[in-house]
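Colleague: Just passing along the structure, written as structure tokens.
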Amino acid sequence: MTDTGGETLSNLLREERRFPPPPELAAAANATAADYERADSDRLAFWAAAAGRLDWAQPWDEVLDFSRAPFARWFVGGRLNAAYNCLDRHVEAGRGGRVAFHWEGEPGDTRTLTYAELTAEVCRAANALRELGVTAGDRVAIYLPMIPETVVAMLACARIGAPHTVVFGGFSAEALRGRILDCDARVVITADGGYRRGKPSALKAAVDEAVSACPDVRSVLVVRRTGQDIDWTDGRDVWWHDLVDAQPAQHEAEAFDSEHPLYIMYTSGTTARPKGILHTTGGYLTQVAWTHWAVFDVKPERDVFWTAADIGWVTGHSYIVYGPLANGVTSVLYEGTPDTPHQGRWWEIVEKYRVSILYCAPTAIRTFMKWGGDIPDGFDLSSLRLLGSVGEPINPEAWMWYRKYIGADRCPVVDTWWQTETGAQMISPLPGVSVCKPGSALRPLPGVAAEVVDDAGKPVPDGSGGYLVLTEPWPAMLRTIWGDEQRYIDTYWSRFPGVYFAGDGAKKDEDGDIWLLGRVDDVMNVSGHRISTTEVESALVSHPTVAEAAVVGATDAMTGQGVVAFVILRGDAASAGSADAEEVAAELRAHVAKEIGPIARPRQILVVAELPKTRSGKIMRRLLRDVAEHRDLGDVTTLTDSSVMDEIRGRLPAGG
Ligand code: ATP
Ligand code: MG
């Protein structure tokens with residue numbers, strides 16, 4: 001991507017550190033090199049075998065029907081129940097006493113739920129939803145904090161065939177209303193409030209406001225979490241503890257068609273207005289269960305697995321709820337933020353529950369880097385054996401820090417590329433097979449077909465960059481954008497005929513391994529050179545004073561676009577005065593020029609305290625571009641904290 005003509009502007013491809021799998025892990029790994037061979041020789045047979053990990057009430061007639069491409073049907077004719085696969089079958093097999101979740105509330109309250117207890121609770125909630133008149137196919141919106149009821153609510157919906165749409169507890173009433181209306185949900189499940197940074201924060205009030213403009217919502221089911229005062233609408237609002245606790249703990253799970261809708265999840269909105277991504281049952285659960293088993297090498301009898309992400313993000317759906325439960329694994333579920341009440345909270349949780357596998361986002365890792373390695377050093381992290389990353393390209397320095405300070409230089413780090421749309425992991429190392437490279441997701445998982453292509457859709461040779469595409473359908477693929485088939489075709493299947501356009505830039509190195517370079521929309525064009533934001537950001541983060549960086553291309557009369565960088569400094573560098581800030585900026589500009597080339601030297605560097613992020617922790621570069629080009633901000637409904645943008649605007653000199 002960074003390359004036009006012969007000149008190479010790549011710092012990532014100069015990364016030469018290599019990490020082979022630990023021999024003990026490789027010797028007992030769930031997935032082996034043979035999985036690649038099996039999938040290469042017969043992709044559909046490979047996925048059919050993976051589907052065999054699930055319990056089907058009725059077997060499928062055909063693995064894939066893609067005759068109406070790009071609309072796919074997987075495991076055609078098969079019938080199953082997702083909740084039964086996540087719960088009852090483990091209990092029936094005598095594993096009901098195994099812990100499903102160790103839940104840790106932010107204020108320090110805890111709950112442990114075994115598979116048997118979770119099954120009973122889901123059955124009660126399923127009966128309760130039926131009593132509210134919810135039937136198969138009805139949509140249910142879930143707007144809850146990170147509490148066990150969130151998982152229960154999702155599985156209760158799945159159990160009765162009502163697609164759920166989970167909306168981040170941090171979103172505004174307006175964002176919630178938009179999603180309720182878009183998918184026409186009739187029931188909303190919420191709580192009085194949740195804990196965030198040590199304080200109860202209201203949820204029910206936002207639901208009241210949102211629903212005031214949603215005439216078709218007939219019931220609001222309310223979990224009591226904080227005990228704070230709330231308004232109450234008789235006839236519409238129902239307490240969870242009144243309705244659910246009174247239900248029988250038995251519920252017969254009906255089997256649904258493999259293509260029955262399981263949920264609608266709205267994308268992060270990093271590049272555009274959020275899209276309602278539809279996932280269905282059989283293919284989704286197959287790929288989520290297989291990848292969770294293979295990429296995390298889970299051993300259900302002894303691992304304690306922790307995805308430290310919000311359930312309101314697809315990562316939470318696939319790797320807190322559906323994957324781990326389908327595999328019968330014990331997980332940790334944590335309600336709060338990493339620095340409440342102290343910056344060692346995550347490590348305290350790892351120590352307490354003896355977490356063996358941790359999965360989180362680069363934004364969290366860079367935050368921990370900013371806080372310093374002394375903090376995790378104060379805890380016993382010896383239970384960890386595998387680390388994962390997801391959500392953004394991971395800068396090589398952040399990868400190295402994660403491996404060293406959290407993984408004690410012995411845990412493999414798997415960088416997993418995927419999207420809300422892909423439903424499950426697509427490009428990632430296999431921890432018992434792959435030789436890892438800091439900053440690279442390496443190669444497509446078995447059964448996945450990915451390529452990097454040029455403008456004309458032709459595969460690029462090793463050593464060059466282009467657009468990431470998926471060339472064959474995969475089981476967990478989105479089936480459409482809810483209510484908008486044309487947008488589904490236009491967004492994903494029109495840029496290159498017959499293949500799925502991911503919207504991300506990528507590069508293949510000399511070994512053919514894949515390095516993700518960020519969004520195609522974010523690629524800058526400086527004097528005819530295409531420069532990826534990821535590479536400039538990784539160069540900035542490799543400087544010892546920088547904790548985090550976001551780079552955008554702003555219109556420039558001379559060069560077409562100019563590189564504008566927003567940086568957050570590490571601990572002591574951050575407290576320096578404004579004269580120093582100019583010095584730092586000059587030094588960083590020189591550093592980028594040295595690491596990548598003079599053409600990538602930022603025109604402007606602004607030292608800021610925070611960056612605009614989505615709730616899933618992704619940097620919203622399009623808002624920074626709006627600021628750099630002095631425009632009004634676009635859709636901000638998925639921004640965590642809108643005051644961040646005012647702060648940043650204040651730092652930008654007029655006309656700059
Ligand atoms: P929208 O599509 O509304 O702009 P979004 O793309 O941010 O939102 P998600 O589906 O949550 O919503 O994010 C998927 C994107 O996250 C990918 O397209 C990619 O850009 C990025 N991503 C996820 N994992 C990785 C990874 N391991 N390496 C690089 N990028 C990643
Ligand atoms: Mg996207």
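Colleague: Tell me, what is the FRET efficiency for Ala408 and Gln58 to the nearest 0.05, using R0 = 41 angstrom and their Cβ-Cβ distance as r?
Modeller: Efficiency computed from Cβ-Cβ geometry: 0.30.
Colleague: With r defined as the distance between the Cβ atoms of Ala590 and Glu16 and R0 fixed at 30 Å, what FRET efficiency is calculated, to the nearest 0.05? All intermediate terms of the calculation are to be shown ahead of the outcome.
Modeller: On the way: r = 23 Å, r/R0 = 0.78.
The computed FRET efficiency comes out at 0.80.
Colleague: Quick check on my link table: of Lys352/Lys618; Lys275/Lys618; Lys458/Lys507; Lys458/Lys618; Lys404/Lys507, which ones sit more than 22 Å apart, alpha carbon to alpha carbon?
Modeller: Beyond 22 Å: Lys352/Lys618; Lys458/Lys618; Lys404/Lys507.
Colleague: List the pair-distance distribution P(r) of region 124-280, using every Cα-Cα distance, as the percent of pairs falling in each 10 Å bin from 0 up to the bin containing the longest distance, rounded to whole percents.
Modeller: Cα pair-distance distribution for region 124-280, in percent: 11, 42, 36, 10, 1.
Colleague: In nm, to one decimal, how far is the Ser67 label point from the Asp242 one, both placed 7 Å along Cα→Cβ?
Modeller: Taking the simple label geometry, Ser67 and Asp242 are separated by 5.3 nm.
Colleague: Hey, what do the phi angles of region 492-502 turn into as Karplus ³J(HN,Hα) couplings, whole Hz, using 6.51/-1.76/1.60 and θ = phi - 60°, x for Gly and Pro?
Modeller: 10, 10, 10, 5, 10, x, x, 10, 8, 9, 7
Colleague: With Kirkwood's inverse mean 1/r over C-alpha pairs for Rh, give me the Rg to Rh ratio of region 232-374, two decimals please.
Modeller: Computed over Cα atoms, the ratio is 1.02.
Colleague: While we're looking at this one, here's another question. Between Gln228 and Thr271, what is the FRET efficiency for a Förster distance of 45 Å, r being their Cβ-Cβ separation, to the nearest 0.05?
Modeller: The value I calculate is 0.80.
Colleague: Then there's this: Suppose each label sits 7 Å from its Cα in the direction of the beta carbon; what would the Asn525-Glu24 distance come out to in nanometres?
Modeller: 5.4 nm
Colleague: Given the Cα atoms of region 491-553, and with Rh set as the inverse mean 1/r over their pairs in the Kirkwood sense, what is Rg to Rh to two decimals?
Modeller: My calculation of the ratio gives 1.05.
Colleague: Would you mind checking the tilt of helix 282-295 against the longest principal axis of the Cα atoms of the chain, expressed as 0 to 90 degrees and rounded to 10?
Modeller: 60 degrees
Colleague: How much length is gained if the chain between Ser201 and Ala49 is pulled fully straight, taking 0.36 nm per residue apart and subtracting their Cα-Cα distance, in nm to one decimal?
Modeller: Fully extending the segment from Ser201 to Ala49 adds 50.1 nm.
Colleague: Please compute the contact order of the chain in relative form: average sequence separation of alpha-carbon pairs under 8 Å and at least six residues apart, divided by the residue count, as a percent.
Modeller: 14 percent
Colleague: Residue by residue, what Karplus-based ³J(HN,Hα) values in Hz, rounded to whole numbers, does region 99-109 have, using 6.51, -1.76 and 1.60 with θ = phi - 60° and x for Gly and Pro?
Modeller: Using θ = phi - 60°, the values come out as 6, 8, 9, 9, 9, 10, x, 4, x, x, 6 Hz.
Colleague: What is the sum of charges around Leu25, taking Lys and Arg as +1, Asp and Glu as -1, for the other residues whose C-beta is under 15 Å from the C-beta of Leu25?
Modeller: Here the charged neighbours net out to +1.
Colleague: Packing-wise, with mean Cβ within 10 Å as the measure, how do 191-204, 231-244 rank, highest first?
Modeller: Highest-to-lowest ranking by the protection proxy: 191-204, 231-244.
Colleague: Quick one: give the max-minus-min coordinate of the C-alpha atoms of the chain along each principal axis, largest first, in Å.
Modeller: 69, 59, 51
Colleague: List residues of region 135-164, by number, whose backbone nitrogen lies under 17 Å from a label position 7 Å along Cα→C-beta of Thr337.
Modeller: Residues 145-146 fall inside that zone.
Colleague: Same structure, new question: Mean residue ellipticity at 222 nm from the helices of the chain, using -39,500 (n - 2.57) per DSSP H segment of n ≥ 4 over the full residue count, to the nearest 500 deg cm²/dmol?
Modeller: Value at 222 nm, helices only, nearest 500: -8000 deg cm²/dmol.
Colleague: Enumerate the amide H contacts of Ser464 below 5 Å, restricted to partners 5 or more residues apart or on another chain; note that Pro and chain-start residues carry no placed amide H.
Modeller: Long-range HN contacts for Ser464: Lys508.
Quick note: the coordinates plus some simple rules give every number you see, no bench work behind them. Nothing here was measured: the structure is a model prediction, and the numbers come from that model. Virtual Cβ from ideal backbone geometry, glycine too; neighbours counted across all protein chains shown.
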